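Here is the structure we will look at, set down as structure tokens.
Please treat every number below as a calculation from the coordinates, not as lab data. Predicted model, so just to flag it, every value in this text is computed and none were measured. No Cβ is skipped: glycine too gets one built from the backbone with ideal geometry, and neighbour counts run over all protein chains shown.
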Amino acid sequence: MKIIAHPAPKPLSKNAPILGLVAAGILFVVFGLQLIGFSKVLSSLSTQFDGHDGWAIAVAVIAVVTELAALPFLLRRKLSYLAGILSGVAAVIAPWVWVLVMVWSIGGPDVNVAQFGIIGCIKIDWWLLALNVVWLAFNFYTVQQLNIEKIWYDATGLKPRAKMTKKK
């Protein structure tokens, strides 16, 4: 089986490539901050998860890997169908991980947030949860505007519901 890289699909709107660059820039900055201060990320997550280092390591690795994996789709690189779908989904999973961490942490012990790595002086509060929800919504909208559905339909051979015809 030969894996073939396909060009990025035509975006649904004129400003979608710019939205993709903005989303990639946000992910790159968050990824860089986390990578530089990875020990702070791990220690803060461990405190947030009541000393469970296994959960802290798992969440930190999932967050960093999904943030990195999302970049090719958001930057509209040539990818195979499977890589395009996985990268597009990773663009939504990356902020979703932090939404779940913030939901888990609100009302818990008074700790600094692990999300920003070396900038570890931010207290967990409702505004940070709201910021992560906005980030999630922005990435979801961006992935949709970059036409991930086209990749899905091309990969599976299925037709969109609007293009299906009734059989007699």
Gyration tensor (Cα only) of region 1-108 to equivalent ellipsoid, semi-axes in Å sorted down, yields 30, 15, 12
Computed curve, region 2-61, Cα-only Debye sum without solvent term, log₁₀ I(q)/I(0) at 0.27 Å⁻¹, is -1.03
A student asked for the Cα radius of gyration and Dmax of region 31-70 in angstrom ought to give 9.8, 30
Taking a crude spin-label model, label points 7 Å out from Cα along the C-beta direction, the F38 to L21 distance in nm is 3.0 nm
Per DSSP, the loop-located trypsin sites (Lys or Arg not before Pro) within region 1-51 having at most 10 other beta carbons within 10 Å are K2, K14
